[in-house]
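Have a look at the structure below before the remarks.
Please treat every number below as a calculation from the coordinates, not as lab data. This structure is a prediction, so every number in the text was calculated from the model and none was measured. Positions of Cβ are generated from backbone atoms using ideal geometry, with glycine treated the same way; all protein chains shown enter the neighbour counts.
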Number of protein chains: 2
Amino acid sequence: MRDVAIIGVGMNKWGELWKSSLRDLAVEAGLKAMADAKADHIDSIVVGCMSSGLFTAQEHIAPLVAEYLGQGKVPATRVESACASGGLAFRAGFAEVASGLSDVVLVVGVEKMTDVSGDEATFTLGTAADQEYESYNGATFPGLYAMMANRHMHEFKTTRRQLSWVAVKNHANGMKNPNAQYRSEVTAEEVESAVKVADPLRLLDCSPITDGAAAVLLCPLDTARKKAKGHGLVKVLGIGQATDTMALHSRRSLCELAAVSEAGARAYKAAGKGPSDMNCAEVHDCFTIAEIMAAEALGFAAKGKGGRLAESGASSLGGKIPINTSGGLKSKGHPVGATGVAQIVELTEQLRGEAGPRQVKRARTGLAQNMGGTGASCVVSILGAA
Amino acid sequence: MRDVAIIGVGMNKWGELWKSSLRDLAVEAGLKAMADAKADHIDSIVVGCMSSGLFTAQEHIAPLVAEYLGQGKVPATRVESACASGGLAFRAGFAEVASGLSDVVLVVGVEKMTDVSGDEATFTLGTAADQEYESYNGATFPGLYAMMANRHMHEFKTTRRQLSWVAVKNHANGMKNPNAQYRSEVTAEEVESAVKVADPLRLLDCSPITDGAAAVLLCPLDTARKKAKGHGLVKVLGIGQATDTMALHSRRSLCELAAVSEAGARAYKAAGKGPSDMNCAEVHDCFTIAEIMAAEALGFAAKGKGGRLAESGASSLGGKIPINTSGGLKSKGHPVGATGVAQIVELTEQLRGEAGPRQVKRARTGLAQNMGGTGASCVVSILGAA
């Protein structure tokens with residue numbers, strides 16, 4: 001396998017982007033990544049998108065993105081794995097370069113979620129759960145994650161306040177990210193007095209519905225070394241991918257994210273690194289409890305201590321392992337197919353030293369964890385300054 | 001890149017399979033491919049599926065298939081490119097093995113289309129066209145392909161009868177395929193008196209709506225040589241992929257399938273072969289005119305002579321280049337995400353000499369061409385007996 005470098009990144013300012021269509025969003029992010037790399041040519045495209053069919057009545061979006069990017073006949077493939085679609089698209093792009101099938105690959109993650117009503121969006125997001133056994137019986141994602149949160153609070157004495165610290169931290173980070181959807185600080189008290197969605201989760205424990213796209217440009221590391229233009233080089237050190245049962249009720253425990261542990265272990269092994277080597281991490285905080293459980297599964301906190309990690313400030317900017325410096329899904333927004341690619345954008349900016357007010361000092365190695373559903377699919381990517 | 005072999009194939013008998021769910025179909029085909037290879041272990045899964053969201057309200061199907069196959073934590077990825085989803089999944093599985101990311105990869109193509117009404121199915125298939133410019137204005141696929149047919153008849157004097165020969169030939173082949181949906185011979189007169197769908201296309205010019213799945217198991221050629229169990233070895237010689245404009249009206253000509261030509265040229269180059277080296281071919285005959293145009297784009301007939309190819313018998317079983325020995329989409333059925341994988345199943349059986357009454361004599365090299373929409377995406381795979 002060839003070593004792979006990230007030579008360009010780009011994304012939109014995320015939000016409710018009523019004036020932009022799915023193709024507009026993808027093209028804007030893609031062109032930004034190409035401009036960032038000063039590249040005018042690509043060999044192939046991978047698009048990550050969860051449900052363009054249900055959200056916008058448009059499947060077959062990879063050739064559409066290729067066409068509207070002005071990239072004529074290039075091979076273009078869409079990858080879907082619910083909210084992990086972006087992360088899996090990144091892995092597919094990596095495989096494309098690593099295998100030698102393509103030299104310059106553009107990976108675009110995109111989702112256009114606000115063309116449908118809130119109820120329709122909830123229904124569509126529910127297609128990431130096991131429809132026959134979960135969604136059709138009324139278990140939507142806030143309810144499923146609420147069960148996980150309740151069990152975690154029961155087993156490990158995780159507190160309501162610890163959940164809140166995740167939201168407080170990520171909004172504080174998002175304040176520093178010009179591309180974040182909600183650039184507003186929140187206090188623990190505000191989180192705890194927000195409208196209840198599914199006990200114990202309140203509105204400010206939940207990631208929002210977002211339109212947005214993100215893109216990264218990949219090429220062989222050798223080529224990147226020769227052609228690097230103005231940015232520090234970022235290398236893909238290792239990627240791990242894994243799956244778990246679709247339905248939450250099929251799992252041994254509500255407090256374990258087995259696919260995250262497995263994907264993390266594979267990524268650490270591929271990179272020859274461990275949790276303590278990470279200088280920053282982007283973690284899939286679709287709900288506050290998700291960040292807590294993912295931090296445990298990735299080894300940033302001991303089992304049951306994920307809540308304490310947030311409370312202690314260790315995962316804040318300036319802490320031992322800053323998590324979600326971008327603002328995370330919580331504050332930056334969560335256009336489901338774009339999220340995994342935007343995590344790579346954030347890590348790349350951190351490892352290049354270009355993250356401005358969010359910059360983690362001496363960031364040399366970072367990790368991105370992106371998952372689908374209640375963790376039925378997961379991809380973990382580890383990047384390093386090269 | 002490592003050389004890649006096909007060590008197992010399997011599919012269901014296709015049709016309106018009211019008693020089988022999406023996951024049932026995928027698991028049945030996957031287990032058959034694993035049994036065919038006498039394999040009980042896989043390293044990763046790629047699923048090709050066009051629109052499980054709109055057809056069955058279930059996205060995120062790759063981990064679902066992994067779980068129900070009893071394959072626990074393995075990485076699983078879904079690939080979508082409308083009716084080329086299966087072919088692209090095959091390419092993604094190839095990349096997975098070729099790159100060294102996985103050793104044993106199961107590729108499953110699946111679509112469950114009959115859980116919705118005919119109108120809903122037409123709407124869903126329309127999401128493979130450019131929704132904003134085509135589908136929303138009433139241009140469904142029979143209409144779009146009818147325009148291509150009319151233009152082809154105008155420019156090249158292709159006759160109504162030549163269209164019919166494609167249907168007659170493919171139904172004759174499908175009669176010999178126990179897995180085909182419509183195992184019934186048709187005559188040219190029957191095709192021409194069938195109900196008109198979009199002039200000049202009649203019902204028997206159109207592929208049907210189908211439930212079904214198909215699967216192939218891949219591994220490195222070196223491993224396959226050591227472990228081959230009872231079947232002739234089949235090697236992937238080359239794969240080409242390309243795109244074209246989504247909307248038909250953006251093309252230079254209604255009679256050119258540029259993505260097919262480009263994907264074909266790439267596949268021929270990768271394989272070091274040309275059209276005359278092919279002993280059999282599976283071609284994307286979603287409509288009779290599609291086979292005619294694809295045969296031209298792939299070099300089996302000169303430009304404008306695709307109709308004559310069918311009429312002459314050259315593409316019949318026993319002819320110079322037998323096309324769609326499986327029955328094609330026309331007779332075998334067209335569960336959109338499964339079609340591209342089923343083409344690989346057919347070629348593998350041909351190259352192993354296991355195609356029974358459909359066997360092409362001395363078949364050593366074969367080609368599969370799978371496309372999405374009116375040809376906005378295309379993948380061409382060339383296989384050889386190893």
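Structure notes:
- Whole-angstrom gap from segment B:305-319 to segment A:292-328, using each part's C-alpha centre: 66
- Nonlocal amide H pairs with B:Val47, under 5 Å, H built at 1.01 Å: B:Thr77, B:Arg78, B:Val79, B:Val108
- Pairwise label distance in nanometres, B:Arg364 with B:Met1, each label 7 Å out on the Cα-Cβ vector: 2.3
- Protection proxy ranking of A:6-16, B:81-91, B:372-382, B:237-247 - average other beta-carbon atoms within 10 Å, highest first: B:81-91, B:372-382, B:237-247, A:6-16
- With the cut-off at under 14 Å, measuring from each backbone N in segment B:68-105 to a point 7 Å along the Cα-to-Cβ line of B:Lys226 picks out B:103-104.
- FRET efficiency, A:Ala265 to B:Ala265 (Cβ-Cβ, R0 51 Å, nearest 0.05): 0.75
- Flagged links, alpha-carbon separation over 26 Å, of B:Lys273/B:Lys320; B:Lys32/B:Lys176; B:Lys305/B:Lys330: none
- In the elastic network of chain B, a GNM with C-alpha springs shorter than 10 Å, the most mobile of B:Lys226, B:Lys235, B:Lys361 is B:Lys226.
- Cross-link partners for B:Lys38 among the lysines, with Cα-Cα distance under 25 Å and sequence neighbours closer than 8 places in the same chain left out: B:Lys13, B:Lys73, B:Lys226, B:Lys227, B:Lys229, B:Lys235.
- The mean count of C-beta atoms from other chains within 10 Å of the C-beta of residues in A:68-78, rounded to a whole number, is 6.
- Centre separation in Å (Cα based) which lies between segment A:115-179 and segment B:258-274: 47
- About the Cα centre, charge dipole magnitude for chain B (Lys/Arg +1, Asp/Glu -1 at Cβ), debye: 1480
- Our coupling estimate for segment B:196-210, obtained by passing each phi through the Karplus curve with A = 6.51, B = -1.76, C = 1.60 and θ = phi - 60°, is 6, 9, 8, 3, x, 7, 10, 3, 7, 8, 10, 6, x, 8, 9 Hz, Gly and Pro reported as x.
- Taking label positions 7 Å along the Cα-Cβ direction at both B:Leu31 and B:Ser184, the computed distance is 3.1 nm, reported to one decimal.
- Largest GNM mean-square fluctuation across B:Val116, B:Val97, B:Val336, computed for chain B with C-alpha springs under 10 Å, falls on B:Val116.
- Across segment A:92-118, the residues whose backbone nitrogen lies under 18 Å from the label position 7 Å along the beta-carbon direction of A:Glu354 are A:105-109.
- Nitroxide proxy distance, nm - points 7 Å out along Cα→Cβ at B:Thr122 and B:Lys19: 3.1
- Normalised contact order of segment A:306-386, rounded percent, pairs of Cα under 8 Å and 6 or more residues apart: 21
- DSSP beta bridge pairing in the protein assembly as shown, given as percent antiparallel to the nearest 5: 75
- Take every Cα pair under 8 Å whose residues are at least 6 apart in sequence, average their separation, divide by the length of segment A:259-337, and the relative contact order is 31 percent.
- A:Trp18, B:Trp165 arranged by Cβ crowding within 10 Å, fewest neighbours leading: A:Trp18, B:Trp165
- Distance-filtered residues of segment B:245-259 - backbone nitrogen under 17 Å, label point 7 angstrom along B:Lys303 Cα→Cβ: B:251-259
- The charge dipole of segment B:165-251, taken about its Cα centre with unit charges on the Cβ atoms of Lys, Arg (+1), Asp and Glu (-1) only, comes to about 760 debye.
- Peptide A:91-100, shielding by other chains (average Cβ, 10 Å cutoff): 5
- Relative contact order (%) - criterion: Cα under 8 Å, at least six apart; region: chain A: 26
- On the beta carbon distance between B:Ser312 and B:Ser250, with R0 = 35 Å, the FRET formula returns roughly 0.55.
- Placing unit charges on the Cβ atoms of the charged side chains and taking the dipole of chain A about its Cα centre, the candidate lying farthest along the positive direction among A:Ser135, A:Ser276, A:Ala98 is A:Ser276.
- Overall dimensions of segment A:72-137 as given by Cα atoms, namely Rg and Dmax in Å: 15.7, 47
- Put simply, the amide H of A:Val234, placed in the peptide plane, has neighbours under 5 Å in A:Ile6, A:Ala386, leaving out anything fewer than 5 places away on its chain.
- Dividing the summed -39500 (n - 2.57) terms of all DSSP H runs of n ≥ 4 by the residue count of chain A sets its mean residue ellipticity at 222 nm at -11500 deg cm²/dmol.
- Bridges between two residues of chain B, per DSSP, are antiparallel at a rate of about 75%.
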